[in-house]
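The values are calculated or read from the model by the stated rules, or taken from the named source; none is laboratory data. What you are looking at is a predicted structure, and each value in this text was computed from that prediction instead of being measured. Here the Cβ positions follow ideal geometry from the backbone for every residue, glycine too, while neighbour counts run over all protein chains shown.
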Amino acid sequence: MNLALRDIRHNASRFAFTTVGIGLLLMIVMGMGGIYRGLIFEATLLVDRIGADLWVVQGQTRGPFAENSRIPASLEDRLRAVPGVARSRRFVSHALQREHHGKPLRLMVQGLAWPDDKGEWVSLIAGRSLGLALGEYVKFGKDRYRVVGITGGMSGIAGDGLAFFTVSDAMAIQFDLPGEALRLERAARVGRSENQDLGRTQPLSLERAGGPTSTLSELAPPQVSAILVTLQPGTNLDHTVNLLSAWPDISIHTAQQQRDLLLSGTVEKSKRQLGLFSVLLIIISTIIIALIMYTLTLDKIHDIAMLKLIGARNSVIVGLILQQALLMGSLGYGLAWWMGHYLFPYFPRRVLLDTPDLIKLAGITVAISVLASLLGIWKALRVEPNTVLT
Amino acid sequence: MNASPQQPAIEAIGISKIYGQGQTEVIALNDVSLSVARGEVIALLGPSGAGKSTLLTAMALINPPTSGRIVIDGVLVMEGADAKIDLRTFRRQHLGFVFQKANLIPFLTALENVQVAMEINDMPVRAARQRAMYLLDHLGIADRANNLPDALSGGQQQRVAVARALANQPNLILADEPTAALDSHRGRQVMELFAQVAHESLAGVIVVTHDTRALDVFDRIIEMEDGRLLDG
């Protein structure tokens, strides 16, 4: 006869409410772990999926995600000439916030080197989106862009959705200036030229200085964030890295280094923060379950004394308390998973329930259930059979 | 049930129980000796504070005496406050208890309350269930077998408690004011039940009672006062 189940049957509503409470607590612990996994996933999503072996960025920087990076787009051609390089492509990344239908629209603009990079690695499915509809037009800078696909689960390190453009469109959005700003810049250039010998001796140059920036060969064209390099199969990665490291104007990061850069920054702090919260919640859960089990044991103290009087072994008493604690923990865990499964997708940032994490939490739940029942067991084992007479 | 019928169900020899010490010392039992034969039903009478319940709980092995010996079924169980055997196992196998309150486990049905006593004593579940049902039937409450204690009257609860006490066919049944919560009719029924059980199963039965209306069912009546036996 299972006494634990019969006691639960007798106090079903109390057990149910308590289990729901524990389930909610465990759901928060589960969510903390899920938020952390989500942070890692979002931070490394692009690096993992874009399929680059090397990230070539501005010299002495750790861009383009950890910090800003600006390099000439023409570097793409220099890199193609390096032995072992199969493919190099420009990459642009920058954050943007606009008003759309009266609401703030935050996105991470990702410029892909069309047609070299057609974005086949981007998962075009429904899911977390920027709130834009397929076929909808959005105005960025002076151009209108039509939404031609909706990605699923693509977000950046800050949790903002990723929006994919061609490199040139991404740059046009990034370097777009209002007409007045362009006029003022051109006038300033004319003014500076007028004060120099060249402007005085060659007045036609003032006309050129007042023209569009793109027509001035003296000025550098807009720069990209990084050049992505894919190596030929069988190429030694370290060898290519050593070769490119001799170029003083750039910095090289392997995909793994880029990943590490992302994870050792913002994510690392968040990890510690979430980890501490999780530990606190686990401790709180343990204390709460312990108090619940202790209270449930106190309620049964007379019955436990009676069981002892009629000769019940300690294992019967321990089983009664321990089985209830384990059942409460297990059901709470199941409830936490079930509730999380439906609630977490509505959280503003991704909550990723990783199977190893779930298994770990299941183990922790069993451990805290056992630990929490110890107080009740201690109390129960100290009860004298003659308590039944009081 | 490994003792011979000739052996007393219990022998309490020179039992004393002293609470506190110095100026607060109270002698609850003073050199009490008592022997109960198998199949014998005795009533223990006396005013409040006479030491009846103290003697009963000492013999029930839940309140060790300060001095004296307790021998049950020929086995020396207690010598002073020292247990000579595993008391819990011994209680499980040899003793049955009934108290003023039925003390049924509230989350078990009447049937389960009886069954659990046998399962604790390692009886297979099926056999325990059958015997529990038999006992409840024997005591006239088989129709309430699946009711929780809350749904039973005081008399019905007490009969379930009696069934539980009989479950493991004990050699000795100890009852402390078992009829206090019952009306005279029900009280008499319970007392007759003890007598019947004692005679049928050759168990010794000791009943502490204030109820003098059903004393005729007992084989022997022993009175206590100030921690001593007045008779027997």
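Which of the residues belonging to segment A:63-73 are within 22 Å of A:Ile40 (Cα to Cα) and either in contact with an Asp or Glu (Cβ under 8 Å, 6 or more places away or on another chain) or surrounded by fewer than 20 Cβ atoms within 10 Å (Cβ to Cβ) (or both)?
A:Ala66, A:Glu67, A:Asn68
I need the strands (runs of 3 or more DSSP E) fully contained in segment B:49-128, keeping only those with at least 1 residues that are touching a strand residue (DSSP E or B) at 6+ places or on another chain (Cβ under 8 Å), surrounded by 21 or more Cβ atoms within 10 Å (Cβ to Cβ) and more than 12 Å from chain A (Cβ to nearest Cβ). Steps first, answer last, please.
Details: elements: B:67-72, B:75-79, B:95-98.
So the answer is B:67-72, B:75-79.
In this structure, is A:Asn11 over 22 Å from A:Thr286 (Cα atoms), within 14 Å of another protein chain (Cβ to nearest Cβ), more than 27 Å from the chain's Cα centre (by Cα) and not hydrophobic (A, V, I, L, M, F, W, C)?
No: the conditions fail for A:Asn11.
Which of the following residues is under 30 Å from A:Leu228 (Cα atoms), β-branched (Val, Ile, Thr) and away from chain B (no Cβ under 14 Å): A:Val29, A:Val47?
Numbers: A:Val29 fails: under 30 Å from A:Leu228 (Cα atoms).
Step by step, each of A:Val29, A:Val47 is checked, and only A:Val47 is under 30 Å from A:Leu228 (Cα atoms), β-branched (Val, Ile, Thr) and away from chain B (no Cβ under 14 Å).
Pick from A:Glu136, A:Glu194, A:Glu120, A:Glu185: which is surrounded by fewer than 16 Cβ atoms within 10 Å (Cβ to Cβ) and closer than 25 Å to A:Pro64 by Cβ? Before you say what the answer is, go through the steps one by one.
Working: A:Glu136 fails: closer than 25 Å to A:Pro64 by Cβ; A:Glu194 fails: closer than 25 Å to A:Pro64 by Cβ; A:Glu185 fails: closer than 25 Å to A:Pro64 by Cβ.
Of the residues listed, the single one that is surrounded by fewer than 16 Cβ atoms within 10 Å (Cβ to Cβ) and closer than 25 Å to A:Pro64 by Cβ is A:Glu120.
Looking only at segment A:153-183, which residues are under 14 Å from A:Pro212 (Cβ atoms) and part of a helix (DSSP H, G or I)?
A:Ala172, A:Gly179, A:Ala181, A:Leu182, A:Arg183
Considering only residues that are in contact (Cβ under 8 Å) with a residue 60 or more places away in the chain and assigned to a helix (DSSP H, G or I), look in segment B:132-173 and name the one that is nearest to B:Gln100 (Cα to Cα). Give the steps one after another, and end with the answer.
Pass one, segment B:132-173, residues in contact (Cβ under 8 Å) with a residue 60 or more places away in the chain: B:158, B:161-162, B:164-173.
If we keep only those that are assigned to a helix (DSSP H, G or I) as well, we get B:158, B:161-162, B:164-166.
Details: B:Gln158: 8, B:Ala161: 10, B:Val162: 11, B:Arg164: 14, B:Ala165: 13, B:Leu166: 16 Å.
That would be B:Gln158.
Do any residues in segment B:195-212 that are among the polar types (S, T, N, Q) have Cβ atoms under 7 Å from those of residues that are not in a loop (DSSP other than H, G, I, E, B), where the two are at least six apart or on different chains, and which pairs are they?
Going by the 7 Å Cβ cut-off, the qualifying pairs are B:Thr209/B:Ala43; B:Thr209/B:Leu45.
Tally up the residues in segment B:174-204 that are in a helix (DSSP H, G or I) and more than 20 Å from B:Gly39 (Cα to Cα), please.
If we filter segment B:174-204 for residues that are in a helix (DSSP H, G or I), which is where we start, we get B:184-201.
Imposing the further condition that a residue be more than 20 Å from B:Gly39 (Cα to Cα) reduces the set to B:184-187.
So the count comes out to 4.
Looking at A:Leu231, is it touching an Asp or Glu at 6+ places or on another chain (Cβ under 6 Å), modelled with pLDDT of 85 or more and of a type outside the set (Val, Ile, Thr)?
Numbers: touching an Asp or Glu at 6+ places or on another chain (Cβ under 6 Å): yes; modelled with pLDDT of 85 or more: yes; of a type outside the set (Val, Ile, Thr): yes.
So A:Leu231 fits the description; yes.
Of all the residues that make up segment A:297-312, how many are facing chain B (nearest Cβ under 7 Å) and farther than 12 Å from B:Arg88 by Cα?
Residues in segment A:297-312 being facing chain B (nearest Cβ under 7 Å) and farther than 12 Å from B:Arg88 by Cα: 1 in total.
Exactly one of these conditions fails for A:Met1: (1) within 14 Å of another protein chain (Cβ to nearest Cβ); (2) part of a helix (DSSP H, G or I); (3) not β-branched (Val, Ile, Thr). Give me its number.
Tallying (1) within 14 Å of another protein chain (Cβ to nearest Cβ); (2) part of a helix (DSSP H, G or I); (3) not β-branched (Val, Ile, Thr), A:Met1 fails exactly one: (2).
Identify all residues within segment A:92-109 that are out of contact with any Asp or Glu (no Cβ under 6 Å at 6 or more places or on another chain) and either surrounded by fewer than 18 Cβ atoms within 10 Å (Cβ to Cβ) or at positive phi (or both); write none if there are none. Outline the logic, then answer.
Our first condition is that a residue be out of contact with any Asp or Glu (no Cβ under 6 Å at 6 or more places or on another chain); within segment A:92-109, this holds for A:92-105, A:109.
Scanning segment A:92-109 gives A:His94, A:Ala95, A:Leu96, A:Gln97, A:Arg98, A:Glu99, A:His100, A:His101, A:Gly102, A:Lys103, A:Pro104.
Scan segment A:318-334 residue by residue and report those that are surrounded by 22 or more Cβ atoms within 10 Å (Cβ to Cβ) and within 14 Å of chain B (Cβ to nearest Cβ). Full working, then the answer.
Looking only at segment A:318-334, we keep the residues that are surrounded by 22 or more Cβ atoms within 10 Å (Cβ to Cβ), and these are A:320-321, A:324-325, A:328-329, A:332-333.
Across segment A:318-334, the qualifying residues are A:Leu320, A:Ile321, A:Gln324.
Assess whether A:Val388 counts as being touching a Lys or Arg at 6+ places or on another chain (Cβ under 9 Å), in a helix (DSSP H, G or I) and either within 14 Å of chain B (Cβ to nearest Cβ) or modelled with pLDDT under 90 (or both).
On the way: touching a Lys or Arg at 6+ places or on another chain (Cβ under 9 Å): yes; in a helix (DSSP H, G or I): yes; either within 14 Å of chain B (Cβ to nearest Cβ) or modelled with pLDDT under 90 (or both): yes.
Against the criterion (touching a Lys or Arg at 6+ places or on another chain (Cβ under 9 Å), in a helix (DSSP H, G or I) and either within 14 Å of chain B (Cβ to nearest Cβ) or modelled with pLDDT under 90 (or both)), A:Val388 qualifies.
Return the residues of segment A:307-351 that are outside any helix (DSSP H, G or I) and touching a residue at least 24 places away in the same chain (Cβ under 8 Å); say none if nothing qualifies. Let's see the steps before the verdict.
First, pick out the residues of segment A:307-351 that are outside any helix (DSSP H, G or I): A:310-313, A:347-351.
If the condition is that a residue be outside any helix (DSSP H, G or I) and touching a residue at least 24 places away in the same chain (Cβ under 8 Å), then A:Phe347, A:Pro348, A:Arg349, A:Arg350, A:Val351 are the ones that fit.
Please count how many residues of segment A:77-104 are touching a Ser or Thr at 6+ places or on another chain (Cβ under 6 Å), hydrophobic (A, V, I, L, M, F, W, C) and part of a strand (DSSP E or B). Walk me through it before giving the result.
Start the filter on segment A:77-104 by keeping residues that are touching a Ser or Thr at 6+ places or on another chain (Cβ under 6 Å), which leaves A:79-80, A:84, A:86-87, A:91-93.
Restricting the remaining residues to those that are hydrophobic (A, V, I, L, M, F, W, C) gives A:79, A:86, A:91-92.
With part of a strand (DSSP E or B) added as a condition, the list becomes A:86, A:91-92.
The qualifying residues number 3.
For the structure I just gave you, tell me whether A:Tyr294 is more than 12 Å from chain B (Cβ to nearest Cβ), at pLDDT below 90, on the phi < 0 side of the Ramachandran plot and buried (at least 17 other Cβ atoms within 10 Å of the Cβ).
yes
Among the residues of segment A:33-55, is any small (Gly, Ala, Ser), more than 22 Å from the chain's Cα centre (by Cα) and loosely packed, with under 15 Cβ neighbours inside 10 Å?
Taking segment A:33-55 as the starting set, the residues that turn out to be small (Gly, Ala, Ser) are A:33-34, A:38, A:43, A:51-52.
After this cut, where a residue has to be more than 22 Å from the chain's Cα centre (by Cα) as well, the list is none.
No.
Which one of these is in the same structural domain as A:Phe344 (by TED's automatic domain parsing) and not charged (D, E, K, R): A:Gly51, A:Gly59, A:Gly63, A:Gly38?
Values: A:Gly51 fails: in the same structural domain as A:Phe344 (by TED's automatic domain parsing); A:Gly59 fails: in the same structural domain as A:Phe344 (by TED's automatic domain parsing); A:Gly63 fails: in the same structural domain as A:Phe344 (by TED's automatic domain parsing).
Answer to the check: A:Gly38.
I'm checking my understanding of the structure. Among residues of segment B:4-39 that are farther than 14 Å from B:Leu56 by Cα and among the hydroxyl-bearing types (Ser, Thr, Tyr), which one is nearest to the chain's Cα centre (by Cα)?
Out of the qualifying residues, it is B:Ser4.
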